[in-house]
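What follows is a single structure, written as structure tokens, with notes after it.
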Amino acid sequence: MKNQKIIELINISKFYPGNEKPGINNVSLNIQRGEILVLVGSSGSGKTTLLKMLNRLEEPTSGAILINGKDIKSYNVNELRRGFFGYVFQKIGLFPHMTVKENIEIVLRLDNKPIIFREKKVRELLDFMRLSPNVYGNRYINQLSGGEQQRVGVARALATDSECLLMDEPFGALDAVTRCELQDEILRLKENLKKTIIFVTHDISEAFKLGDRIGVMQNGNIEQLGTKEQLCEFPKTPFVEQLMRTGFRT
Amino acid sequence: MEHGAALQQKTFEHIALAGSSIFLASTIAIPLGIMMAHVPLLRKVLLNVGSISQTIPSLALLAFLVPFLGLGNTPTLVVLTFYALYPILRSTVAGLQSVPPECKEAAEGLGLSHFQKLWFVELPLALPIIMSGVRVATAATIGITTIAAFIGAGGLGDFITQGLALNNSSLILLGALPTALLALGFDYALSQLEIYLNYRKETSLPFSSLKKILFGIASIILLVWVGHSLSKEIFFKPSKSIVIASKNFTEQHILAELMAQLIEAKTDLTVIRKFNLGTTVIVHQALLRGDIDLYPEYTGTAYMIVLKESWNTKEKDILEKVRNSYKNKFNLLWLGLFGFSNSQALAVKKKFAEDHRITSLSELSQISDHLKIAAQPDTLKREDGLPGLSNAYGLNFKNIMQVDSNLLFTAIAHEKVDVIAVSTTDGKLQAFDLVTLEDDKNFYPPYQAAPVIREVVLKTYPELHQVLSPLFGFISQQKISKLNYEVDVKCFSPAEAAHKFLLEFNLL
Ligand SMILES: Nc1ncnc2c1ncn2[C@@H]1O[C@H](COP(=O)(O)OP(=O)(O)OP(=O)(O)O)[C@@H](O)[C@H]1O
Ligand SMILES: [Mg+2]
């Protein structure tokens, strides 16, 4: 079913305690099943906040979020986080007391998945992330480079085969070659496994490459939401226009 | 080495006491610390209360607990656990607070439950810091465990207090050195454990399952031992028995031994010795609880420390007062006086006294401005010590030296000083050929020694009065000094000295 709404945000606002300006300001948004929605925008514009609210790490101050047409609060929060979403955190958040392998399989272990299944999964994911399982599997996190850590973070998010991926700047620390390869892998994930992906980046060319639709955020608002053609040809605000131009330049 | 077996046993007791307190404290403090890390108000209150708790002197706390918990392991464990709580509590809170926020967020975001987050992420990351708190607590506890000796719970402190009591520095070392070694050893072991548990490990350390098993077995043995001795303490007491106690100095040991050996010889009662207890207050409380039945006490001490009366020099007979108050207030009986008084006094060389023709403190005051005196720090400070005495007699010494009790006699023997402050029954007075000067203005209260016994015990075993009566009025100033001399200078044990004495005077 194309164009079916998987996630729906209705008049979502988020005020952080102590902040006058809202982190998210009355945002409404539909996310289609199987699409990649890329969020771009300046620092502090509310991208991470939006992802966190989807995963219920933050609660909206007002408004409603529907998942498959049902209020997000009607789901068990941990089942939602484990089964429905996979989350790549902006700050990565790998556990330093566990090896790469243990980090990736933690949720599988808590779900009592058999060890053979876990081993296989970890190998697949490491291969997928261009990390040799034999070299990296038993390393601790402090023995990894920044980019390697980022890729382990992505592998961990993919471990549960969730329907929907929330990826907060997952490739920020990668070299151009690896980054390009992994972007191709993400596109393949979408094509083959029909995953819905919400992807945050500061890199406009990455947004253009991956995004079915791109949302431009500024000051807690979505300034414009559309395909890259729509954004380039009919920018609604000077900010969008400027962003598109700088994007082309890089 | 004659103390070998004892050393082994005391070390074991010491480890058992310290180890189980740390175990208890950890099982209380770590969960509490976890709660505190999540409840800011609780954290603030408990950390403040906890830091204040550390300032309570351990001996005071111990004395406070004796009325409720008696003597032995129970109050010791309570006190040790109490002191170990705070460092572990604080490190647990600090450890949990040190967990990187992005790790906590990732754990939540991945869908770990509160408990899973705590167990799989927060505690492992906090563990090195928690362990460092346990380490601090352990080192401190091994030190504090020496106070167990004050209430008869054993441990290496026994050697230290006995050494102090009997003026035997090698005994003190026998307790102090292993204590220090234990503290260092445990600190090292825990630091290894800390390294093993630290998530920042680069390569995994060898911590074989054999070592884990040994560690487990050792902890179990320890707990079983403590449980066993606790239950013995609570449930086991021979039917026909009497518990004789003493405080922690030579003369008390000797007097208690004299009574114990007489009772053993003349009755079929089993005598249980709880010697070397910490302070007058602890002994008195134990007596009130019935943990002990009989011990030697001094009228002046009872009057001022137990009854909290102040000494008035016009008071002639405090014995009657003490006797009545003890019977009415406590149901405790003072039996016959032994026949000597252990008071404070100033002593000079016999030759010096003869040369200057002085026998009393009033006479000494005439020439005191030419004289040098030495005394223990305690005597110099207390108002009922040298300052008060100087006031009463107008003493004004040329020079006052603060000297440890062991060195007092050496100081006067080598003529570094002319006068020393001593106890009137000190065995070394004879050895060094000294005489005490008469307290002709009654500045010091009389410290006449006598057995104190629980009324019910005497009612149950009325023969005790008869059995002990040969000692009443029999132990003169000279006899007790001689006995003290045998132990302090000639290094007989109190039991040997007492036995020789009883044989010598045909009392057995
Ligand atoms: N826990 C918080 N408490 C208070 N304010 C917060 C909190 N988290 C974010 N904010 C504020 O909310 C706003 C949006 O933050 P958010 O993290 O969503 O930005 P972002 O778009 O992800 O930025 P970046 O590109 O730098 O990651 C910012 O102004 C930020 O200061
Ligand atoms: Mg962000």
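In the condition set (1) under 30 Å from B:Thr270 (Cβ atoms); (2) out of contact with any helix residue (DSSP H, G or I) (no Cβ under 7 Å at 6 or more places or on another chain); (3) touching a residue at least 12 places away in the same chain (Cβ under 8 Å), B:Gln448 is compliant with all but (2).
Being more than 16 Å from the chain's Cα centre (by Cα), more than 16 Å from ligand 1 (Cβ to nearest atom) and of a type in the set (Lys, Arg) is true for just one of A:Arg188, A:Arg130, A:Arg156, A:Arg179. Which residue is that?
A:Arg130
Among the numbered conditions (1) touching a residue at least 40 places away in the same chain (Cβ under 8 Å); (2) among the charged types (D, E, K, R); (3) within 16 Å of ligand 1 (Cβ to nearest atom), tell me where A:Glu20 comes up short. Of (1) touching a residue at least 40 places away in the same chain (Cβ under 8 Å); (2) among the charged types (D, E, K, R); (3) within 16 Å of ligand 1 (Cβ to nearest atom), only one is false for A:Glu20: (1).
Report yes if B:Ala106 is open to solvent by less than 20 Å² (accessible area, probe 1.4 Å) and either within 8 Å of chain A (Cβ to nearest Cβ) or free of Cβ contacts under 8 Å to residues at least 60 places away in the same chain (or both), otherwise no.
So B:Ala106 fits the description; yes.
Scanning the range B:159-171 for residues that are modelled with pLDDT of 85 or more and open to solvent by 20 Å² or more (accessible area, probe 1.4 Å) yields one hit, B:Ile160.
Scanning the range A:101-140 for residues that are more than 9 Å from every other protein chain (Cβ to nearest Cβ), in contact with a Ser or Thr (Cβ under 8 Å, 6 or more places away or on another chain) and open to solvent by less than 30 Å² (accessible area, probe 1.4 Å) yields a total of 3.
Pick out the one residue from B:Leu65, B:Leu85 that is open to solvent by 30 Å² or more (accessible area, probe 1.4 Å) and either assigned to a helix (DSSP H, G or I) or out of contact with any strand residue (DSSP E or B) (no Cβ under 9 Å at 6 or more places or on another chain) (or both). B:Leu85 is the lone residue from the list that is open to solvent by 30 Å² or more (accessible area, probe 1.4 Å) and either assigned to a helix (DSSP H, G or I) or out of contact with any strand residue (DSSP E or B) (no Cβ under 9 Å at 6 or more places or on another chain) (or both).
When the residues of the range A:171-206 are narrowed to those that are out of contact with any helix residue (DSSP H, G or I) (no Cβ under 7 Å at 6 or more places or on another chain) and under 13 Å from A:Glu35 (Cα atoms), which ends up nearest to ligand 2 (Cβ to nearest atom)? Per the criteria, the residue is A:Thr196. Residues of the range A:31-58 that are more than 8 Å from ligand 1 (Cβ to nearest atom), on the phi > 0 side of the Ramachandran plot and out of contact with any Leu (no Cβ under 9 Å at 6 or more places or on another chain): A:Gly34 alone. Taking the range A:1-67 as the region of interest, the strands (runs of 3 or more DSSP E) fully inside it that hold 3 or more residues being open to solvent by less than 40 Å² (accessible area, probe 1.4 Å) and within 13 Å of ligand 2 (Cβ to nearest atom) are A:36-41. Checking each residue in the range B:407-424 for being farther than 18 Å from B:Ser390 by Cβ and acidic (Asp, Glu) picks out only B:Glu415. The criterion of at least 3 residues that are closer than 24 Å to B:Asn168 by Cβ is met, among strands (runs of 3 or more DSSP E) falling completely within the range B:401-495, by B:419-423. For the condition without any contact (Cβ under 8 Å) to a residue 60 or more places away in the chain and buried (at least 24 other Cβ atoms within 10 Å of the Cβ), B:Gly155 does not qualify. Scanning the range A:61-90 for residues that are touching a Lys or Arg at 6+ places or on another chain (Cβ under 6 Å) and within 14 Å of chain B (Cβ to nearest Cβ) yields one hit, A:Val77.
A:Met98 meets the conditions (1) away from every other protein chain (no Cβ under 14 Å); (2) at pLDDT below 95 in every case but one. The failed one is (1).
The values are calculated or read from the model by the stated rules, or taken from the named source; none is laboratory data. These numbers were taken from a predicted model, which means no experiment stands behind them. So basically every Cβ, Gly included, is an ideal-geometry build from the backbone, and we count neighbours across all protein chains shown. To get the accessible areas, we keep the full protein, side chains included, count just its heavy atoms, and leave off ligands, DNA and RNA. Shrake-Rupley method; radii C 1.70, N 1.55, O 1.52, S 1.80 Å.
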